[in-house]
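The values are calculated or read from the model by the stated rules, or taken from the named source; none is laboratory data. Small disclaimer: the values here were computed from a predicted structure and weren't measured. Because the Cβ atoms are built from the backbone with ideal geometry, glycine has one as well, and the counts that use them run over all protein chains shown.
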Amino acid sequence: MERVADWQLAHPSAHEPTHWTQGVGDAGFMALANLSCTRKVRDAMVAMGERNGWQLGARAYHADDHVVGQTYAELYLQLRDPAMLAPLKARFDAILAEPHEGTLEFTVPGNQDRWSWCDALFMGPSAWARLTAATGDARYRDHAASAWWRTSDYLYDKDEHLYYRDSNYFARREANGRKVFWARGNGWVLAGLARTLQYVPANHPARARFEQQFREMAAKVLTLQQPDGMWRASLLDPDSYPTRETSGTALFAYALAWGINQGLLDRAVFEPGVRRAWSALVASVQPDGRLTHVQPIGQAPTGFAEDATEVYGVGTFLLAGSEVFRMALQDGTTVRVTNPGDFYRADEMIELPLASDTAQAVMEADTSRLLPTQRIGDTLLFQANFAPGEQRRFLLLPAAAAAAARRLSATASRIGRRSTRAGT
């Protein structure tokens, strides 16, 4: 992961800094930053946000211009600089105040002011959910849930358990007569489900429906994996598109590994497929760290040069790697912490009594982020955010199982003493 990230940082994309391609790359960089032994990658993301003035893309309602907000919100959750969040909050407040309603038919002008194409379900909803996590204001997450199901009702094929890219593809067929379901498009959706569910509490009324769709799609996607571990650009006609494709494969690997790590998917059933996918992805990393076999920007299955690369492909690769990394850490103790109140609690201190002198690492179970910790005697301290009535899970790991955590804990700033005791 670090080798691929280093190559991309040394060969920056020429796309506009708030373009969706960059925003997806940034999401992957944050996934790596959450595990890395150094601050290099996170510092690069802070520098990116400062260069952008923490602004989103120019199109007020377009999901592609919101995706970079995912990284801004994640940085805010770690660093608590209000400047990181202000433009994102202002943009989403304006949308809530004046929502653009209307058809999702893709040929109608203005349709992309709504989530009328399946890629939007990666770009938009998890930025809205992260803003709720950052502010405690449930309106943002609830808006994302409502808009998600409107798009799902329009684009989700309940028989195939796959998404059409947009309404232009309802009647189209592949050379073999099957429906057209684009791999990367469905990867955007399945990964978008995972990234949205990270910030949808178990007690949220939409949680069960999100989980059901996630399991349905995951089961279908697994049956479409090819023997070499990859998914082809066309899910139902892989023979017409024989070129290996890394961006869709990485999105599927990320989502499936996340589902395993959350206990939503049967590890025995899904882990072999994730392992094959990760091996195939690594095989597309060149010795210098350049990731190849990335389908260029598009909206449907197509052929392309095998040496093609793109920053969003790197982002999806890093997302996949973060959850494959997490899969090796499943033997840690699960710590469950509950907010019994009916109010949002930000940066709540967790005070965890320890029975041994062994150094420990703490990972957020839902996001796979290693947390800074501080040990005082037989007590381990760390911080987290809680929605009203929310229970969250954390993995307590031997530091030997996560080398990055030793450096992270060693460089953490001193944590205050206000605390909540946790149960295991």
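Being of a type in the set (Phe, Trp, Tyr) and out of contact with any Ser or Thr (no Cβ under 7 Å at 6 or more places or on another chain) is the filter; apply it to the stretch 213-269 and report the residue that is surrounded by the fewest Cβ atoms within 10 Å (Cβ to Cβ).
Going through the qualifying residues, I end up with PHE214.
For the stretch 221-237, what are the residues that are over 20 Å from THR316 (Cα atoms) and assigned to a helix (DSSP H, G or I)?
Of everything in the stretch 221-237, just one residue is over 20 Å from THR316 (Cα atoms) and assigned to a helix (DSSP H, G or I), namely THR223.
On the basis of being more than 22 Å from GLY289 (Cα to Cα) and charged (D, E, K, R), does ARG51 make the cut?
yes
Might you let me know whether the stretch 65-80 holds any residue that is surrounded by 14 or more Cβ atoms within 10 Å (Cβ to Cβ) and more than 19 Å from the chain's Cα centre (by Cα)?
Scanning the stretch 65-80, I find no residue that is surrounded by 14 or more Cβ atoms within 10 Å (Cβ to Cβ) and more than 19 Å from the chain's Cα centre (by Cα), so the answer is no.
Evaluate the following for SER116: is it crowded, with 20+ Cβ neighbours inside 10 Å, within 17 Å of ALA60 (Cα to Cα) and touching a Lys or Arg at 6+ places or on another chain (Cβ under 6 Å)?
So SER116 does not fit the description; no.
Within the stretch 28-83, track down each residue that is in a loop (DSSP other than H, G, I, E, B) and under 17 Å from THR316 (Cβ atoms).
ASN34, LEU35, VAL67
How many of the residues in the stretch 179-229 are out of contact with any Pro (no Cβ under 8 Å at 6 or more places or on another chain) and among the β-branched types (Val, Ile, Thr)?
Within the stretch 179-229, residues that are out of contact with any Pro (no Cβ under 8 Å at 6 or more places or on another chain) and among the β-branched types (Val, Ile, Thr) number 4.
Give the residue, chosen from GLY315, GLY321, GLY303, GLY298, that is assigned by TED's automatic domain parsing to the domain that holds ALA175, within 20 Å of PHE122 (Cβ to Cβ) and surrounded by fewer than 23 Cβ atoms within 10 Å (Cβ to Cβ).
GLY298
Is there any pair with a first residue in the stretch 1-27 that is more than 28 Å from SER279 (Cβ to Cβ) and in contact (Cβ under 8 Å) with a residue 12 or more places away in the chain and a second that is in a helix (DSSP H, G or I) and of a type in the set (Lys, Arg) whose Cβ atoms are under 8 Å apart and which are 6 or more apart or on different chains, and what are they?
Here the result reads PRO17/ARG51, each pair linking the stretch 1-27 to a residue that is in a helix (DSSP H, G or I) and of a type in the set (Lys, Arg).
Taking ASP366, is it of a type outside the set (Phe, Trp, Tyr) and surrounded by fewer than 16 Cβ atoms within 10 Å (Cβ to Cβ)?
No: the conditions fail for ASP366.
Here are some conditions: (1) touching a Leu at 6+ places or on another chain (Cβ under 6 Å); (2) not in a helix (DSSP H, G or I). VAL189 meets all but one. Which one does it not meet?
For VAL189, the exception is condition (2).
Conditions (1) within 22 Å of GLY259 (Cβ to Cβ); (2) crowded, with 24+ Cβ neighbours inside 10 Å; (3) in contact with a strand residue (DSSP E or B) (Cβ under 6 Å, 6 or more places away or on another chain), marked per residue:
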{"site": "ARG150", "(1), (2), (3)": "no, no, no"}
{"site": "ASP153", "(1), (2), (3)": "no, no, no"}
{"site": "TYR163", "(1), (2), (3)": "yes, yes, yes"}
{"site": "PHE170", "(1), (2), (3)": "no, no, no"}
{"site": "ARG178", "(1), (2), (3)": "no, no, no"}
{"site": "TRP182", "(1), (2), (3)": "yes, yes, no"}
{"site": "TRP188", "(1), (2), (3)": "yes, yes, no"}
{"site": "ALA191", "(1), (2), (3)": "yes, yes, no"}
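Quick grid of which residues meet (1) within 27 Å of ALA250 (Cα to Cα); (2) of a type outside the set (Val, Ile, Thr); (3) not assigned by TED's automatic domain parsing to the domain that holds PRO205:
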site: GLU98; (1), (2), (3): no, yes, no
site: GLU101; (1), (2), (3): no, yes, no
site: GLY110; (1), (2), (3): no, yes, no
site: ALA144; (1), (2), (3): yes, yes, no
site: THR151; (1), (2), (3): yes, no, no
site: TYR154; (1), (2), (3): yes, yes, no
